[in-house]
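*Asks:* Before I ask anything, let me first share the structure, which is written out below as structure tokens.
The values are calculated or read from the model by the stated rules, or taken from the named source; none is laboratory data. In this text the structure is predicted, and so the values were computed from the model without any measurement. Positions of Cβ are backbone-derived with ideal geometry, glycine not excepted, and every protein chain shown enters the neighbour counts.
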Amino acid sequence: MKQREPVSTIMSKHLIALTLKDDLETAEALFKQHKIRHIPVVSGTVIIGMLSYTDLLRISFVDAADEDDKDIDAVVYNMFTIQQVMVKDITTVTSNTSIKDVAKILAKKEFHALPVVDNATLVGIVTTTDLINYLIDLY
């Protein structure tokens, strides 16, 4: 295992992002379409928040499989904006941060994804799944 391997080697570079103009229905569709659990909220290339699938679950019945529940979700989603639901106080790392340091941050915090920011620009996202896959590849 390389001690100083940078997070840029395992982070997702193909980013799915939201803006404050988007709505929660759009967010839900992106979560499901791309099979992801975290979406950065951006203003241009600057990250201003993070929305997780869990955030949506807290305010809705989004996990229900019944098609009739879409009407309920729409009503609930229209009661909130992305800005109201997203986490605003986010921890970020740079692409040069070591994988070990990223793992330490995620182990101590109550979240499962970190935006990767270089020169105030969002360049990637690293998740606990990325870390697990990295470890699997090592063994």
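*Asks:* Could you run through region 116-139 and say how many residues are among the aliphatic types (A, V, I, L, M) and outside any helix (DSSP H, G or I)?
*Replies:* Total satisfying the criteria: 7.
*Asks:* Could you check region 40-60 and list, in sequence order, the residues that are in contact (Cβ under 8 Å) with a residue 40 or more places away in the chain and not in a strand (DSSP E or B)?
*Replies:* Matches in region 40-60: 45 only.
*Asks:* Would you mention how many residues in region 95-115 are surrounded by 15 or more Cβ atoms within 10 Å (Cβ to Cβ), assigned to a loop (DSSP other than H, G, I, E, B) and at pLDDT 95 or above?
*Replies:* Here the count works out to 2.
*Asks:* Being modelled with pLDDT of 95 or more and over 24 Å from residue 131 (Cβ atoms), is that true of even one residue in region 56-72?
*Replies:* No, region 56-72 contains no residue that is modelled with pLDDT of 95 or more and over 24 Å from residue 131 (Cβ atoms).
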